[in-house]
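Laboratory data are not the source of any read-out in this text; all were calculated from the coordinates shown. None of the values given here were measured: they were computed from a predicted structure. Here the Cβ positions follow ideal geometry from the backbone for every residue, glycine too, while neighbour counts run over all protein chains shown.
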Amino acid sequence: MIQEPVLIRQRMRTPRAAAIAGIIFSLLFISSLLLMWISIPANPLGPATAVVNHMKTVSFSLNLMPFAGIAFLWFIAVVRDRLGELEDRFFATAFLGSGLLFIAMIFHAAAAAGGIITVLASGSENLIQKWRLRPRARRN
């Protein structure tokens, strides 16, 4: 009789943790993508200063990505814990592999975007000046 309330209480923690982890992931991920979408201009051939002006917002959105990734990994772990012994080995491999691949691609894209934007912000004025001062090639 005493063991039943303990087991019920343990079973109720896992779905709540999965729900909380999923909600935290979705909020962090969506807010990061929206901040990035708002900050980067629609015209890719526009001036580089348009991106540099929003550098703080872009860096904040890129800094949210690791926290979103941790929440997603926590969500995967809680869902796998919930399935427990009922989980098929093939399903477990595909579920964990696709989740880890998703996180790796998100981290890679954020790192590449952060690197490009940092180089653009640090050297855009120098690059523009060098491009303007460069003598044009002579045509024969």
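Which FRET efficiency, nearest 0.05, do Ala92 and Thr118 yield, Cβ-Cβ r, R0 30 Å?
0.20
When each of the peptides 36-47, 74-85 is scored by how many other beta carbons lie within 10 Å of its residues on average, the order from highest to lowest is 74-85, 36-47. Available extension along the chain between Leu33 and Ser59 is 8.2 nm, counting 0.36 nm per residue and deducting the alpha carbon span.
Ranking Phe91, Gly46, Gly115 by how far each Cα lies toward the positive end of the dipole of the stretch 19-125 (charges on Cβ) leaves Gly46 at the top.
Protection proxy ranking of 93-103, 51-61, by the mean of other Cβ atoms within 10 Å over each peptide's residues and highest first, is 51-61, 93-103.
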